[in-house]
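Before any comments, here is the structure.
The values are calculated or read from the model by the stated rules, or taken from the named source; none is laboratory data. Small disclaimer: the values here were computed from a predicted structure and weren't measured. Neighbour counts run over all protein chains shown; Cβ positions are idealised from the backbone, glycine included. Surface areas here come from the heavy atoms of the whole protein model, side chains and all, with no ligands, DNA or RNA. Shrake-Rupley method; radii C 1.70, N 1.55, O 1.52, S 1.80 Å.
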Amino acid sequence: MSRIDLRGVGKQFGAASILNEITLTIDPGEFCVFIGPSGCGKSTLLRLIAGLEDPSCGEIEIDGVIVNDLPPAQRNVAMVFQSYALYPHMTVHENMAFGLRHQKLAAAEIERRVAEASRILHLEGLLQRRPKELSGGQRQRVAIGRAIVRKPKAFLFDEPLSNLDAALRVQTRVEIAKLHRELGTASMVYVTHDQVEAMTLADKIVLLQPLGGRADMPSVAQVGHPLELYHHPANRFVAGFIGSPAMNFIDARVTALGDGHVQAAAREIVCDAQLSPQGLQVGEHVTLGIRPEHVIVGQGPQRARVNHVERLGELSYVYLDLRDGVPALLAKTQRDDIRIDDEVPYSLPPEAIHLFRADGLAQAR
């Protein structure tokens, strides 16, 4: 088993900072997902670990060895690319065995490793086919198989499912999760822009934020278990990025402080949040946050007009007007009896309300 440590890692292209101040540990056997908006540097960070890019500063350590100056071939990591990168003139068997032959392993060992990887990935019946004879999902499995046979210290995945259709993404995502459980000891580092992939696969999420070329802010917005980022976002950026649909944000003002609760008012909304009042002052401007799935429609002390409804079958998105016809509050509900222009009661549960101060940081519970 191997551990990956990043200490003060940064990357600049010219004068522009792409990654900055990244200090992170990926434990042996851990499934770590890098996620963030376009341009935040998540693929660049993966390439730094692989050795395909050189860091501008900091240290990268794999299994106790600083690898900054080691070429990719000597880092004992295997990368699975978005584009599959298979040799089109080779069979599946030849593609999987190519790197092992290059390492001059014995023929019997090569056959054993290819057979084992084929069994894990259900490729036994495809070994004599060429890539053009395979579906996208089968090609991706071959690319993963080519990584497995190398028995690397870590697997690096760069958006491996982005070329697949929706149904195939779900199927392949499940296969990757099963693969992680079966291999057990191998660390996996996975880049995606898809929240569902991140939330369902990760033991640990690393959420990166775009720097816009600045060198005075850290790249990492928050690191933690998926549910930690969902339930306890460290700041407004994390709260707005994690969750679909995105969290509702409402400008508000603190109106009262108590023991274990904060009262705030915004437009027609008055809410009492179960939060620590420490550091807050009455009259302070804050941002209230609540996820659409936590807005209760159909009961509560406040009322609003329904501006729009989107029905998705098992649930509906209901847009509630708070003022001047602006759809300011989105609710996610299983009720299917709500219509446009209905006047409906609603409530915001105190335990579900987040509060963000002027610097964007979340108020503690």
Enumerate the residues in the stretch 259-293 having an amide nitrogen under 14 Å from the point lying 7 Å beyond the Cα of GLU351 toward its Cβ.
273-275
Towards the positive end of the charge dipole of the stretch 36-143, with charges on Cβ (+1 Lys, Arg; -1 Asp, Glu), say which of GLN74, PRO55, LEU100 has the farthest Cα.
LEU100
Accessible area per residue of the chain at 1.4 Å probe, in Å²?
46 Å²
Accessible surface of the chain, 1.4 Å probe, proportion on carbon and sulfur as whole %
50 percent
Return, ordered by residue number, the residues of the stretch 295-334 whose backbone nitrogen is under 16 Å from a label point located 7 Å along Cα→Cβ of VAL270.
300-304
For the pair ALA15 and ASP259, the simple spin-label estimate (label points 7 Å beyond Cα toward Cβ) gives in nm 5.7 nm
Under a Gaussian network model of the chain whose springs join Cα atoms within less than 10 Å, the largest fluctuation of ALA117, ALA202, ALA304 belongs to ALA304
Gain upon complete extension [PHE81, LYS132; 0.36 nm per residue less C-alpha separation]:
16.6 nm
Which residue, VAL149, VAL262, ALA221, has the largest displacement toward the positive end of the dipole of the chain when charges sit on each Cβ (Lys, Arg +1; Asp, Glu -1)?
VAL149
So, relative contact order of the chain in percent, Cα under 8 Å, 6 or more apart, is 16 percent
Range of Cα positions in the chain per principal axis (Å), largest first
74, 46, 35
Full extension from ALA107 to ASP216: what is 0.36 nm times the residue separation minus their Cα-Cα distance, to one decimal in nm?
33.9 nm
Out of TYR319, GLN278, GLN299 - ranked by how far each Cα lies towards the positive end of the dipole of the stretch 235-365, with unit charges on the beta-carbon of charged residues - the top one is GLN278
Express the Stokes-Einstein translational diffusion coefficient of the stretch 269-365 in µm² s⁻¹, to the nearest whole number, given a Kirkwood radius over alpha-carbon pairs, 10 °C and a viscosity of 1.306 mPa s.
110 µm²/s
